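Chemist: Structure provided below as structure tokens; questions to follow.
The values are calculated or read from the model by the stated rules, or taken from the named source; none is laboratory data. Just so we're clear, the structure is a prediction, and the values are computed from it rather than from any experiment. Note that we place each Cβ from the backbone using ideal geometry, even for glycine, and neighbour counts take in every protein chain shown. Accessible surface is based on the protein model in full, side chains and every heavy atom, while ligands, DNA and RNA are left aside. Shrake-Rupley method; radii C 1.70, N 1.55, O 1.52, S 1.80 Å.
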Amino acid sequence: MPLRDKAILEIGINGGDTTGEFHLQEDLTDTGDVAKQYLMSNRGQMIREAFDIGTDLLEDEVQNADLENRKGYHVDGGSGHYRESLSFAASKGDRWGDGSTDSNDPDDVSKTDATGCDPIAMKQVFEWFVTQSKSDSSGGTRLHIGEWTDGSFSSSAGAFGHAMPVAINESSVTKDPDKPSTIEGTVELTWTSVFPDVDIEGSFEDGLNEIAEYVQDF
């Protein structure tokens with residue numbers, strides 16, 4: 001079954017050559033936020049009011065339209081954002097990085113892995129991945145949670161068939177001296193589109209150049 005009680009955030013760095021897995025399962029809180037941006041919203045009132053005035057001059061069935069005040073037509077072009085805000089705790093038993101160190105040796109820590117290590121090392125490794133990552137539409141940062149998973153971390157894929165490609169907006173990790181065995185953190189992610197294969201085939205820079213040329217021509 002898909003993920004029900006944890007989330008896995010995959011963060012790629014070094015051009016995708018290194019991927020850290022951060023298993024968020026302690027005190028996990030998941031908040032979704034959807035905000036729509038309409039091509040036409042409140043300004044649609046101007047069109048509706050002009051239409052209203054026009055119908056006063058026309059003996060036509062358009063007079064039966066919805067012409068109540070303080071409303072406007074809305075056109076949804078698909079703009080806006082969908083954000084996932086996660087708050088969590090983590091401790092030595094959680095997978096924390098690229099798995100390159102010995103999880104049974106708390107002194108074996110690298111800048112890309114702190115599994116089984118002291119919480120302060122976990123805090124700094126997570127921050128290293130976030131600062132070094134380019135979490136954009138190249139698809140290097142992915143969130144596995146609920147139905148958003150490909151089955152890599154569960155017995156089956158979720159309803160969406162793949163992880164959610166995300167961009168990291170901001171993160172915060174706290175090491176509380178009153179809780180020496182854990183760290184607490186929050187991370188805000190925005191669902192993002194992945195560049196088509198044709199745009200990033202060969203190199204990521206080539207894809208960006210093609211997109212820039214398209215925007216300029218447009």
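Chemist: Please go through the residue pairs Lys111/Lys134; Lys36/Lys175; Lys123/Lys179 and name each one whose alpha carbons sit more than 25 Å apart in this structure. All intermediate terms of the calculation are to be shown ahead of the outcome.
Modeler: Values: Lys111/Lys134 17 Å; Lys36/Lys175 36 Å; Lys123/Lys179 13 Å.
With Cα atoms farther than 25 Å apart: Lys36/Lys175.
Chemist: So how much slack lies between Glu147 and Thr131, counting 0.36 nm per residue of separation and subtracting their Cα-Cα distance, in nm?
Modeler: Here the segment from Glu147 to Thr131 would lengthen by 3.0 nm.
Chemist: Further, regarding this structure: Sorting Ser133, Ser156 by accessible area (1.4 Å probe), largest first, what list results?
Modeler: Solvent-accessible surface, decreasing: Ser156, Ser133.
Chemist: Same structure, new question: Please report the accessible area of Glu184 (heavy atoms, 1.4 Å probe, ligands and nucleic acids excluded) in Å², nearest 10.
Modeler: Counting only protein heavy atoms, Glu184 exposes about 70 Å² to solvent.
Chemist: Return the FRET efficiency for the residue pair Ala35, Lys179: r is the Cβ-Cβ distance, R0 is 41 Å, and the value is rounded to the nearest 0.05.
Modeler: Values: r = 34 Å, r/R0 = 0.82.
Working from the Cβ atoms, E equals 0.75.
Chemist: Now for a separate question. Tell me, what is the per residue accessible area of region 109-200 in Å², probe radius 1.4 Å? If you can, show how the numbers build up before the last one.
Modeler: Details: 4330 Å² over 92 residues.
Ligands and nucleic acids excluded, the result is 47 Å² per residue.
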